[in-house]
Every structure is written in structure tokens, then in C-alpha cells.
Amino acid sequence: MKIVFITGLSFFMSLFSWLTPKPVETSIPECHSAVGNDMSAMAADPAFQALHLAPLPFTYKGAGDMITFPTVDGQPANGFLLKAKKPSNKWLLVYQEWWGLNDNIKKEAETYYNDLKDVNVLAVDMYDGKVATEPAEAGKLMQGADQKRLESIMKGAIAYAGPKAEFASVGWCFGGMLSLKSAMLEGKQAKGCVMYYGRPEQDVEKLKTLETDVIGFFGTQDKGITPESVKMFEENMKKAGEKVTVKMYDAGHGFANPSNPVYNKEAAADAYKLSLAYLKNKLKA
């Protein structure tokens, strides 16, 4: 009789546990966290999308040309090129936000081009011509971004510059993550890496492959790339024997984008000044 009672009680408790509603997870996934399905799930998350307000309208009217270059997967890729006035093996690869290669990124590429000396600036199109203007649309583009294709495009851009090229890279948000990845792919050709509030790589073994130091700009109010994740990145870079310089601003995600409603003019100006000095030193430009 006791055995029957205990068995029945155990069944009842199991049933009660199964029927009890589970708490809903409301935390925002870390910005551009892992690759593959994790990135897709995060890009579709409304809380994550809410961190990215639709950019203000902006039309670029300046120098530069759209180019096409081959990639290792056989599918051509695109980029916006500002060629150095004199023949140069110095290159700055510019990586877009999750919106795509829009006019704001072209303007940022031109700004660096004008302030650097004899450097080719190539803004790489990571979405193969697609550009979003709304968070939900950008989320779909990032969801559909195949990791192998992204790497193939970056390798294609590196090959386009040639084996004698000296590289630095810069990117914002989604592009901040790509800037770091690009530096890894550039190998010994890498001379510098700038990342603005992009998801930091936390794998120590992958970080060990870097042949350059890194400078990063992040916001203390960023709920996607949290200060805690930035601190972990610093610790992991140290474990990997790599050097990273981090500057934190009292600002939110996207603070350096003039077309972003949360644009922080003071923080953006300071970060740009520091990034420019860094790039001039690394590229001797």
C-alpha cells in the first residue's frame, strides 16, 4: 500500500511540474553572438531589433566607385572603392552595420579616405547588394547571412588587394565583429583592427591567430554588447597573448552612426579621433 501511495504521489508531482507554466526568458541575446543558427535566432529577436532604430534618411554624394571581385566560392562580390591617388599597398577594409552597405557606410569610408594618406579604402558589401532600412528587414538579412559566404567575401576582398597589401579594418555593430574576423583572415598582412560595438570573439584559440593588436569602442548603456562581455573579451585577449585597447563611452548601441537616432556626437568624435590616430600609426599613413 505504501509503495502504491509513493508511486501515485511521484506521478502527481511530475504532472504538476509539467503543467506549471515556465518563466519566459526576456533577456536580450548578446549582439551577433555565435555563428549559424544562434545568429539567426538572435537577429529575429524583437528585443534585439529594438536596439537598432531605423537610420535617418541619408544620400551619399561623393567620390568612389562600386567594384566587383571574385571569391573562393565562385560567386562574385561587391565593394565600394576609394582608390589611393598614388599607387599604394596600404588598404583599409570597411565593414557595414547590419543594415548593409548603405550610403552612411560609404560616407564613413570617404571620411577615413580623406583623413588618411595614400590608403585604398574598400567598403565591403557583405549582403551581396541588399540593403535594409527597417530593423525587421535588417534582421531578415542578418538571419540569411551564411557564414561561409561572409568568409568567402572577406577572403575575396583580401585577395583583390593582393599578397603585398598591408591591411587595417574597421566596422560597426555587425561590422565590428567582421572587422575582427577580417583581421584573423588577413594573417601576417594585418596591421590594425578597429571595432565599434561589435560582438567580440571569445574563443582564446581563435584569438591566438591574430597578427595585430585591436582597438575597440563600446557603450556602457549597450544592452546587446554588454560591458561584461567586453570585459571578458579583454581577459580572453590577455590569455591569448594578444593586445587590445578598449574605450568605453556613456552611450548606447550605435552611438557613432550619424544616421542613428541615438547618435552621440561627443562620443563619436572622440572615438573617431582615436581610431584615426591608431590607423595612421599602423598603416604609416
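Quick notes
- Of the trypsin sites (Lys or Arg not before Pro) found in the range 137-244, those in coil by DSSP whose Cβ has at most 14 other Cβ atoms within 10 Å are 164, 208, 243.
- The phi torsions of the range 54-65, fed into the Karplus equation with coefficients 6.51, -1.76 and 1.60 and a -60° offset, translate into couplings of 4, x, 5, x, 8, 10, 7, 10, x, 7, x, 9 Hz, rounded to whole numbers, with Gly and Pro shown as x.
- Neighbourhood charge, 15 Å Cβ-Cβ cut-off, centred on residue 153 and excluding it, Lys, Arg +1 and Asp, Glu -1: -1
- 22 Å Cα-Cα threshold exceeded, pairs from 191/238; 85/106; 223/265; 208/273; 86/280: 208/273
- Taking the range 112-187 as the region of interest, the number of lysine pairs whose Cα atoms are within less than 15 Å, with members eight or more places apart or on different chains, is 4.
Throughout, read-outs are computed from the coordinates displayed, never taken from laboratory work. Given the structure is predicted, the values throughout are model-derived calculations rather than measurements. Quick reminder, even Gly has a Cβ in these numbers, built from the backbone with ideal geometry, and neighbours come from all protein chains shown.
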